[in-house]
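Here is the structure we will look at.
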């Protein structure tokens, strides 16, 4: 056999291997799991997170998006396939709940944003108070420059969301949540 056909076959194999590698590392998605918790932070002078008269804090969240690192604020947002949910934050004190899992394109992501469409707080005396969050949208930078999705990888982002106890008790209709995200 002459060297010409062998060289052509070898070139085809090398080109195919390179194309396969590029396809695999660029187009095969990874998986992102988004979880939520209300971290344990006892109020001064007590061992409780919230006043004992607070029985439930229902937060309705929707419109989750994640931002591609290096893109401007007006672009680079990817909508996450996570449905609108109402979470009782008292049920996720120091434990986490999965909000959703989705496939995400290969890349680096640095910010999470979502809507808080309402907060309802139930009190032990059976009264309920409604609250809104200023702007209705929370935007949270992910520390250390964000997280990297590579082909077939699995990343979990833990969203911590908590409220100021005294702000709830004032009952002025507005809450400013404390939110952050960490990658695990």
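Every number here is computed from the coordinates shown, using simple stated rules; none is lab data. Every value quoted in this text rests on a predicted model; they were computed, and no experiment measured them.
Subtracting the Cα-Cα distance from 0.36 nm times the residue separation, let me have the gained length for residue 167 to residue 151 in nm, one decimal.
Once the chain is fully extended between residue 167 and residue 151, it gains 1.4 nm.
Of all beta bridges DSSP finds with both residues in the chain, what is the antiparallel percent, to the nearest 5?
Among the beta bridges of the chain, antiparallel pairing accounts for roughly 85 percent.
On the principal axes of its Cα set, how long, how wide and how thick is region 125-184? Give whole Å, largest value first.
Cα spread of region 125-184 along its principal axes, largest to smallest: 51, 23, 17 Å.
Against the longest principal axis of the chain, how steep is helix 3-27, in degrees 0 to 90 to the nearest 10, with axes from Cα atoms?
Once rounded, one gets 10 degrees.
Just to be sure I understand: with springs between alpha-carbon atoms less than 10 Å apart, which residue in 112, 169, 93 has the highest mean-square fluctuation in the Gaussian network model of the chain?
Checking each option, the largest mean-square fluctuation is seen for 169.
Can you give the calculated 222 nm mean residue ellipticity of the chain, where each DSSP H run of n ≥ 4 adds -39,500 (n - 2.57) and the sum is split over every residue, rounded to the nearest 500 deg cm²/dmol?
Calculated from helices alone, the mean residue ellipticity at 222 nm is -5500 deg cm²/dmol.
At what distance in angstrom do the alpha carbon centres of region 145-184 and region 55-109 lie from each other?
That distance is 9 Å.
Could you give the semi-axes, largest first, of the ellipsoid that matches region 29-183, computed as the square roots of 5 times the alpha carbon gyration tensor eigenvalues and rounded to whole Å?
Result for region 29-183: semi-axes of 30, 15, 13 Å.
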